[in-house]
1. Out of the total accessible area of chain B (probe 1.4 Å, heavy atoms of protein only), what percent is carbon and sulfur?
2. Tell me, what % of the accessible area of the range A:1-98 is carbon and sulfur with a 1.4 angstrom probe?
3. Give me the inter-chain shielding for A:85-96: mean count of other chain Cβ atoms within 10 Å, whole number please.
4. Answer with one residue from A:V52, A:T101, A:T86: the one whose Cα lies farthest towards the positive end of the charge dipole of chain A, charges on Cβ with Lys, Arg +1 and Asp, Glu -1.
5. Can you give the mean number of other chain Cβ atoms that lie within 10 Å of the Cβ atoms in peptide B:100-109?
6. Compute, for the range B:4-82, the length of the dipole vector about the Cα centre, with Cβ point charges of +1 (Lys, Arg) and -1 (Asp, Glu) only. Units Debye, rounded to 20.
7. What whole-number value in Å² describes the accessible area per residue of chain A for a 1.4 Å probe?
8. Relative contact order (percent) for the range A:12-113, with alpha-carbon contacts under 8 angstrom and 6 or more residues of separation?
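The values are calculated or read from the model by the stated rules, or taken from the named source; none is laboratory data. What you see is a predicted model; the values in this text were computed from it and never measured. Note that each Cβ is placed from the backbone with ideal geometry, even for glycine, and that neighbours are counted across all protein chains shown. Quick note on the areas: whole protein, heavy atoms, side chains included, nothing else; ligands and nucleic acids left out. Shrake-Rupley method; radii C 1.70, N 1.55, O 1.52, S 1.80 Å.
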Amino acid sequence: DAGITQSPRHKVTETGTPVTLRCHQTENHRYMYWYRQDPGHGLRLIHYSYGVKDTDKGEVSDGYSVSRSKTEDFLLTLESATSSQTSVYFCAISGGGEQETQYFGPGTRLLVL
Amino acid sequence: AQSVTQLGSHVSVSEGALVLLRCNYSSSVPPYLFWYVQYPNQGLQLLLKYTTGATLVKGINGFEAEFKKSETSFHLTKPSAHMSDAAEDFCAVSATGGGNKLTFGTGTQLKVEL
């Protein structure tokens, strides 16, 4: 298994509070991604990073921000959580190139009350 | 822009029967196609992928898929289902110039019955 960890694995928070999810990799892969998974929608890309301090928006980026200050860490922040952000969040990594396999972390289950 | 359509959000088969999960894609450039599997409460793992070359690709656990450009399809098959195949399967597409981004289908829940 690719060395990807996500923390926390489960979180319950209240509407309006900030939340930060962490993805950590030990594979030294250049690309890192954040997805959310919701029933009936599959996985949708939130943000991704193609290097330290290099990030770009995905399909569903509103309400989310990201940061990558080190190769191994990619943070996802919900500045002010809303109930619509209740979801399962997955981090993925790849070496780069559209042919490359993305390797997924175990996920973080977030409930916003 | 690229997109993926998975026909059938739930598929049920008997153990030992053929598994067929359908995936059609849309891409303005030659696509790279992936099938991922997700077991309950886990992340996704790669079943197989098509990049270039042979259009019939074989993956883990006896699964295979055939890239058919004329039909814009990449259906996943397995000759004989096993109980351990019960999972959710996702088809995904990326393409040259797409920024190394995957677009996923909505998933198919595969149920295997005795």
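1. Working: 2790 of 5300 Å².
Roughly 53 percent, rounded to a whole number.
2. Numbers: 2090 of 4590 Å².
The nonpolar share, carbon plus sulfur, comes to 46 percent.
3. Details: counts 0, 0, 0, 2, 0, 3, 1, 3, 0, 3, 1, 1.
Shielding by partners across A:85-96 averages 1.
4. A:T86
5. Working: counts 13, 9, 11, 5, 8, 2, 6, 6, 0, 0.
Mean partner shielding for this stretch: 6.
6. Details: 6 positive and 4 negative charges, 28 e Å.
Approximately 140 debye in magnitude.
7. Spelled out: the 1.4 Å probe surface of chain A, per residue, equals 47 Å².
8. Values: 246 pairs, mean separation 35.3, N = 102.
Computed over the range A:12-113, the figure is 35 percent.
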